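Enquirer: Have a look at this one before I ask anything.
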Amino acid sequence: MKAKKGKISVMMGNVVAANVARLCRPEVVACYPITPQSEVAETMSGFVADGSLDAEIVEVEGENSAMNVCLAASVAGARTFTATSSYGLVYMYDAIMQASGYRAPVVMINVNRETPGIHAVSSGQQDMIATRDAGWVQIIVENNQEIADQLIMCYRLAEDYDIQLPVMLNYDGYYLSYLNEEVEIPEQSDVDAFLAPLKNQPQRPRIIPGAATGCGTHGMEMGYVEARYKHWAAMDRAKKKVDEIDQQFADYFGRSYGGQIEEYRMNDAEIAILASGSAAGTAKTVVDTKREEGIKVGLVKQRLFRPFPEERLIAALKGKKAVGVIDRSVGFGWKYGPMCTELKAIAPSIGNVPILSYIDGLANLDITIPHIGRVVDEVNAAAKGNAYQAVTWIPME
Amino acid sequence: MVIKHQWIFKTESPWSDANQKMLVLDTGGWRTERPVLDKSLCNYCGLCSLYCPPQCMRDKGDHYEVDLAFCKGCGICAHECPKKALTMKPEGEFTNEG
Ligand code: SF4
Ligand code: SF4
């Protein structure tokens, strides 16, 4: 069975997110507005006001409450939705850890923006990085269509009985949140059909009024160890599940994103660039031009950030002669960018080749075609045995 | 990895009956004082039970009874009781009761 052709519209990233969240039929929505996410919260409220979404909107005084509302509703059995960014995400830090510790399948949009310390109302992945060890699945998308499609897949993943994990869908603030792009919005019946397999799964545990059930209140000693072990194991299972759901999405809707990672011209590539988010789109253009110049370069777009797509990255990068990683955030405590540091953990499995770290695109500074072109040239030179710089802050040079 | 651990929770998440498995930590051992109820003052409003952090108050139909295995003696119930029906008494007064 195939999905019907959806309605094609030109929509802003945030409005796409809200429209598709509506189609996923969340029962409880609690969002606190924050730039560059606000249209998600506003549009969701509008849907409930005009009757096109049958959900409980809980008006909260801040993001910490928003996450606690979603967590509570989720353990009561509801499908929940929230969206945040930057200051909002870190303001709910304890609550997001509660949500993952309770294994509550909350789905949250995080519109990437720089974090507190430096008041930058601008794009960057530092917020996502700051929450990487909170036990959530974190996925990064490249464009507005991918926001739409991945959001649907996020519900399949989060609520899957084998997974039961909260999922954070990240997209670049400003670059995508305010970008108007052509998007195909699926039909309601098709989204329902794609999410229907969840209904055939066993009922996940939930609070039942009258029955004194509780979740997560105490997990001392081996209770703690067991809960953490199960959470850790579920994170590992989530990797393959992301690939499976992507495959099923492709079969039904005809669009595929590669699951954990997208490989672009990687088959015969000798060197590779690793990037994520909207910058991956620019990187594809650069790969095409550099190929015309005779450089056999490919791109790995990292979509799944947590859990780390170890096996897929090894398979994609094994045998390549050098890799350049473009990070849109800073890894305090390590020289390299956060994604680069993680890639280095699997370096022995990909062949101990030069891995070059690039920091770029902080605070809305564009990751431009010349910037990525430079990365390709330097990675290419490193592959040939030339000396290279371990870390480069592109805007600083 | 061979797992020798006996599973505590039947579910993926740490779910269980809040009255049983969740109250696994014997917080009663922390207590230096315990709440003592004067039933003649109690109007069965339930505030003590609502505020009790470890949720160890048992509903007895016309009053609430403290489960001393878990009462940590924080005194919040006595503080919140609008009828002053609960008084915190030093554990020393109960040493013979074990
Ligand atoms: S709060 Fe006081 S009056 Fe109310 S039920 Fe408890 S002991 Fe009784
Ligand atoms: S003293 Fe504290 S722990 Fe004990 S019953 Fe009162 S509120 Fe609960």
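Enquirer: Starting from the amide H of residue B:89, placed 1.01 Å from N in the peptide plane, find each other amide H under 5 Å away whose residue is 5 or more places distant or on another chain.
Expert: It is B:34, B:36, by chain and number.
Enquirer: Oh, and also: Residue farthest toward the positive end of the dipole of chain A, with Cβ of Lys/Arg at +1 and Asp/Glu at -1: which of A:324, A:76, A:97?
Expert: Of the listed residues, the answer is A:324.
Enquirer: Using a 1.4 Å probe and ignoring any ligands, DNA or RNA, find the accessible area of residue A:136 and quote it in Å² to the nearest 10.
Expert: For residue A:136, solvent-accessible area is about 0 Å².
Enquirer: Leaving ligands, DNA and RNA out of it, rank B:79, B:63 by accessible area with a 1.4 Å probe, largest first.
Expert: Largest accessible area first, the residues go B:79, B:63.
Enquirer: A further question follows. I'd like the accessible area for residue A:4: 1.4 Å probe, protein heavy atoms, all chains in place, Å² to the nearest 10.
Expert: Per-residue accessible area (residue A:4): approximately 110 Å².
Enquirer: Can you give me the relative contact order of segment B:28-94 as a percent, contacts being Cα pairs under 8 Å and 6 or more apart?
Expert: Relative contact order here is 48 percent.
Enquirer: Given a 1.4 angstrom probe, I'd like the percentage of the accessible area of segment A:261-396 that is carbon and sulfur, rounded to a whole number.
Expert: 53 percent
Enquirer: State in Å² the accessible area per residue of segment B:28-94; use a 1.4 Å probe, count heavy atoms of protein chains only, and round to the nearest integer.
Expert: Per residue, segment B:28-94 has an accessible area of 58 Å².
Enquirer: Helix-derived [θ] at 222 nm for the protein assembly as shown: sum -39500 (n - 2.57) over DSSP H runs of at least 4, divide by residue count, nearest 500?
Expert: So the calculated ellipticity at 222 nm is -10500 deg cm²/dmol.
Enquirer: For residue B:39, which lysines qualify as cross-link partners when the Cα separation must be under 16 Å and same-chain residues fewer than eight apart are set aside?
Expert: Once the sequence-local lysines are set aside, what remains near residue B:39 is B:60, B:83, B:84, B:89.
Enquirer: Let me make sure I get this right: for segment A:261-396, a, b and c are the square roots of the gyration tensor eigenvalues over alpha carbons, sorted descending. Under 1.5 in a/c it's rounded, otherwise prolate if a/b > b/c, else oblate. Which is it?
Expert: rounded
Enquirer: To continue, here is another question. Let me know the charge dipole size of chain A about its Cα centre in debye, to the nearest 20, where only the beta-carbon of Lys, Arg (+1) and Asp, Glu (-1) is charged.
Expert: 1020 debye
Enquirer: Suppose a student asked you for the relative contact order of segment A:261-396, using Cα pairs under 8 Å spaced at least 6 residues apart; what percent would you report?
Expert: 26 percent
Enquirer: Can you list the residues in segment A:218-251 whose accessible area drops by at least 50 Å² when all protein chains are present, compared with the chain alone? Use a 1.4 Å probe, heavy atoms only.
Expert: A:218, A:220, A:226, A:229, A:230
Enquirer: Just going by the charge dipole of chain A, with Lys and Arg at +1 and Asp and Glu at -1 on Cβ, which of A:88, A:368, A:300 is farthest out on the positive end?
Expert: About the Cα centre, the residue reaching furthest to the positive side is A:300.
Enquirer: I'd like the Karplus ³J(HN,Hα) series for segment A:320-333: coefficients 6.51, -1.76, 1.60, θ = phi - 60°, whole numbers in Hz, and an x wherever there's a Gly or Pro.
Expert: Per-residue couplings from phi come out as 6, 8, 6, 9, x, 10, 9, 9, 9, 7, 10, x, 5, x Hz.
Enquirer: How much of the calculated P(r) for segment A:1-95 lies past 19 Å, in percent of all Cα pairs?
Expert: 42 percent
Enquirer: What is the interface area between chains A and B, defined as buried accessible area summed over both chains with a 1.4 Å probe, reported in Å² to the nearest 100?
Expert: Summing both sides, the interface buries roughly 2000 Å².
Enquirer: How big is the charge dipole of segment A:261-396 about its Cα centre, in debye rounded to the nearest 20, if each Lys and Arg gets +1 on its Cβ and each Asp and Glu gets -1 on its Cβ?
Expert: About 200 debye.
Enquirer: Oh, and also: I'd like the accessible area for residue B:36: 1.4 Å probe, protein heavy atoms, all chains in place, Å² to the nearest 10.
Expert: 50 Å²
Enquirer: Do any cysteines of chain B lack a neighbour Cys whose Cβ is under 4.7 Å away, and which are they?
Expert: Cysteines of chain B left without a disulfide-compatible partner: B:42, B:45, B:52, B:56, B:71, B:74, B:81.
Enquirer: Per 10 Å bin, what percent of the C-alpha pairs of chain B does each bin hold, from zero upward?
Expert: For chain B, the binned pair fractions read 15, 40, 27, 12, 6, 1 percent.
Enquirer: Skip the ligands, DNA and RNA, and give the accessible area per residue of segment A:261-396 with a 1.4 Å probe, whole Å².
Expert: 40 Å²
Enquirer: For the full complex of protein chains and a 1.4 angstrom probe, list A:303, A:25 by accessible area with the highest value first.
Expert: Result, largest first: A:25, A:303.
Enquirer: Which whole-number percent is the relative contact order of chain A (Cα, under 8 Å, 6+ apart)?
Expert: For chain A, the relative contact order is 16 percent.
Enquirer: May I have the convex hull volume per residue, in Å³, for the Cα set of the protein assembly as shown?
Expert: Once divided by residue count, the hull of the protein assembly as shown is 184 Å³.
Enquirer: Using a probe radius of 1.4 Å on heavy atoms only, what accessible surface per residue do you get for segment A:87-240? Whole Å² is fine.
Expert: Accessible area per residue: 36 Å².
The values are calculated or read from the model by the stated rules, or taken from the named source; none is laboratory data. If you're wondering where the values come from, they're calculated on a predicted model, not measured in any experiment. Ideal geometry is used to build each Cβ from the backbone, glycine not excepted, and the neighbour counts take in all protein chains shown. The area values use the complete protein model at the heavy-atom level, side chains included, leaving out ligands, DNA and RNA. Shrake-Rupley method; radii C 1.70, N 1.55, O 1.52, S 1.80 Å.
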